[in-house]
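Student: Encoded as structure tokens, here's the structure I'll be asking about.
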Amino acid sequence: MTLHLHRRALLAGTALLATPAVLRAQGDPIRFGALNPLTGAGGPYGPSMRKAIEGIVEAVNGAGGINGRRIQLVGEDTQTNPDAAVRAARKLIDVDRVVAVMGTWASAVTTAVAPLCWESRTMLFTVSGADSITQLPHNGFIIRTQPTSTLQITKLAEFLGDRAAKRIFILAAQTPFAEPTREILAREMPKYGGQVLGQVIYDREKTVFRSEVDQALRARPDFIFLNGYLPDVTIILRELFRAGWDGGKVAPAYAVNQRLLDSLPAEVTNGTVTWAPSPDVESPAFKRLQTLLGTNDPDPYSCQTNDHASLACLAAAVAPSVTGEGLRTSVRTISQGGGERVTDVLDGLRLLKEGKKIDYTGASGPCDFTDNGDILTCPFRYEIAEG
């Protein structure tokens, strides 16, 4: 028996055979990676950073996903250690096949992980501040929500100048931003009649820093800049107190936080000044994050990772393909493309589905980036420990 098929019937049959495969592809989850410091020096921040990412993913999945596709979030711990972070990033990229990695914290970690991301064409969202990170040949695969060291230290110099600081000595942990920070501060302080007397770079794994403190005191500064992390700065503050230091102390807010203040007597920490990039405390996104995290004072990094997840979701909704390359192409379209201002990822997804343009601004503030991936500007907050 001979069966004659017309061309139209053959094409229709082929389409029917292909349809299930197409539907399966459309339904595959979108895989994002969360690479946060759950342990190590960044441990006080990592769990909250992770929860801020998870909150966005859960909200988007609860609303039906992105164009019908759910998000699968795969999390790893950097341990605030470059070697551990590289192993974790390789798993996320090679095994889990994520299209974006969100939330690297320490600059040394991000510097180690970044080449893996741009070589695999995976988008990397980071809160690290070292200028050198976006000077790497990343080909657009890095978005940094944390202000650069240049912007941060320029604002610190302005603040110290306002406080009549004239003689600054730096005690700095061995990090990629130690020497650039010194250079920027040394360049900026003369504008306010001040100077940087010197810097001692130390191994932050040490448990005693008396010799470093003695070097700082011999320079006769009026302010000591503690450019380290919480564990080592805790020890140095104790050493300064024992040495009888009653001059100025300034440190990044991530190094002197409430956990440190709770761990030391008030007389040891009194007078310590901190500064940090500030979230947009008036933003509806910030207020939602307060509820999610159960705190009135979400830290800047959790605000930024909350925005990482929102940016990745919104970019995926309009990307020509849901890949690292697709996110790279579309991330500025949804954050600085001249559309309607939105602070909620769900509102943004709805407007995009209606064919409208949006400009996302989140818990950390406006998400406008240079061509190299750096945040353009942000507010800063200064605090002083008293009692």
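Student: Please compute the contact order of the range 135-277 in relative form: average sequence separation of alpha-carbon pairs under 8 Å and at least six residues apart, divided by the residue count, as a percent.
Tutor: On the way: 207 pairs, mean separation 33.2, N = 143.
Relative contact order of the range 135-277: 23 percent.
Student: Hey, another quick one. Can you list the GluC sites (Glu not before Pro) in the range 208-302 that are in a DSSP coil and have 13 or fewer other beta carbons within 10 angstrom?
Tutor: Working: sites: Glu212, Glu239, Glu267, Glu282; in loops: Glu282.
Listed in order of number, the matching sites are Glu282.
Student: Given labels modelled 7 Å from the Cα in the Cβ direction, how far is it in nm from Thr377 to Glu340?
Tutor: With each label point 7 Å from Cα toward Cβ, the separation is 2.7 nm.
Student: Something else: Multiply the residue separation of Leu136 and Val200 by 0.36 nm, subtract the distance between their alpha-carbon atoms, and state the gained length in nm to one decimal. Numbers along the way, then the final one.
Tutor: On the way: separation 64, 0.36 × 64 = 23.04 nm, distance 2.66 nm.
Gain in length upon complete extension: 20.4 nm.
Student: Also, I was wondering about something else. Using a 7 Å offset from Cα along Cα-Cβ at Asp347, what residues in the range 274-295 end up with backbone N under 20 Å from the label point?
Tutor: 279-293
Student: While we're here: Could you compute the FRET efficiency for Glu179 and Glu267, with r as their C-beta to C-beta distance and R0 at 51 Å, rounded to 0.05? Could you put the intermediate results ahead of the total?
Tutor: Details: r = 33 Å, r/R0 = 0.64.
That pair, Glu179 with Glu267, gives E of 0.95.
Student: A follow-up question, please. Starting from the alpha-carbon convex hull of the range 244-387, give the projected area averaged over all orientations, in nm².
Tutor: Details: hull surface 41.8 nm².
Across all orientations, the range 244-387 yields a mean hull projection of 10.5 nm².
Student: Sticking with this structure for a sec: Can you give the helix-only mean residue ellipticity at 222 nm for the chain, where every DSSP H stretch with n ≥ 4 adds -39500 (n - 2.57) and the sum goes over all residues, rounded to the nearest 500 deg cm²/dmol?
Tutor: Details: 14 runs with 163 residues, N = 387.
Using -39500 (n - 2.57) per qualifying helix, the result is -13000 deg cm²/dmol.
Student: Any idea of the accessible area per residue across the range 325-387, 1.4 Å probe, to the nearest Å²? Before the final figure, lay out each step's value.
Tutor: Working: 3170 Å² over 63 residues.
Solvent-accessible surface per residue comes out at 50 Å².
Student: With a ≥ b ≥ c the root eigenvalues of the C-alpha gyration tensor of the range 151-227, is it rounded (a/c under 1.5), prolate (a/b larger than b/c) or oblate?
Tutor: Numbers: a/c = 2.47, a/b = 1.46, b/c = 1.68.
Because a/c hits 1.5 or more and a/b fails to exceed b/c, the range 151-227 counts as oblate.
Student: Apply the membrane-span-like helix rule to the chain: whole DSSP H runs, Cα extent along the own long axis of at least 15 Å, mean Kyte-Doolittle hydropathy at least 0.0. List the helices found. Spell out each step's value before the answer.
Tutor: Values: long enough: 7-27 (30 Å, 0.63); 46-62 (24 Å, 0.02); 107-120 (20 Å, 0.79); 149-162 (19 Å, 0.25); 178-188 (16 Å, -0.90); 230-242 (18 Å, 0.70); 300-318 (27 Å, 0.36).
TM-like helix candidates: 7-27, 46-62, 107-120, 149-162, 230-242, 300-318.
Student: Picking from Asn372, Val57, Leu327, whose Cα lies most toward the positive end of the charge dipole for the chain (charges on Cβ: Lys, Arg +1; Asp, Glu -1)?
Tutor: Of Asn372, Val57, Leu327, it is Leu327.
Student: A follow-up question, please. Between Arg70 and Arg242, what FRET efficiency comes out of the Förster formula 1/(1 + (r/R0)^6) with R0 = 56 Å and r the beta carbon distance, rounded to 0.05? Please list the in-between numbers first.
Tutor: On the way: r = 55 Å, r/R0 = 0.99.
Computed FRET efficiency for Arg242 and Arg70: 0.50.
Student: Okay, moving on. Distances over 19 Å make up what percent of all Cα-Cα pairs in the range 40-90? Mind showing how you got there, number by number?
Tutor: On the way: 520 of 1275 pairs.
Beyond 19 Å sits 41 percent of the P(r) for the range 40-90.
Student: Taking every pair of alpha-carbon atoms in the range 85-210, what share in percent sits in each 5 Å bin, from 0 to the bin with the longest distance?
Tutor: 2, 10, 18, 17, 14, 13, 10, 7, 4, 2, 1
Student: Please give the charge dipole size of the range 53-153, origin at the Cα centre, charges +1 on K and R Cβ atoms and -1 on D and E Cβ atoms. Round to the nearest 20 debye. Provide the component values of the computation, followed by the final result.
Tutor: Values: 8 positive and 9 negative charges, 55 e Å.
It comes to approximately 260 debye.
Student: Taking every eigenvalue of the Cα gyration tensor of the range 207-287, multiplying by 5 and rooting it, what semi-axes result, largest first, whole Å?
Tutor: Numbers: eigenvalues 148, 35, 24 Å².
Those come to 27, 13, 11 Å.
Student: Now for a different question. Rounded to a whole number, what is D in µm²/s for the chain from Stokes-Einstein with the Kirkwood radius over alpha-carbon pairs (10 °C, 1.306 mPa s)? Show your work: numbers first, answer last.
Tutor: Numbers: Rh = 22.3 Å.
D, rounded to a whole number, is 71 µm²/s.
Student: When DSSP assigns beta bridges and you keep just the ones with both residues in the chain, what percent turn out antiparallel, to the nearest 5?
Tutor: 20
The values are calculated or read from the model by the stated rules, or taken from the named source; none is laboratory data. Please read these numbers as outputs of a predicted model, since none were measured by experiment. When we count neighbours, we look across all protein chains shown, and the Cβ atoms used for this are built from the backbone with ideal geometry, even at glycine. Side chains included, ligands, DNA and RNA excluded: accessible areas come from the protein's heavy atoms. Shrake-Rupley method; radii C 1.70, N 1.55, O 1.52, S 1.80 Å.
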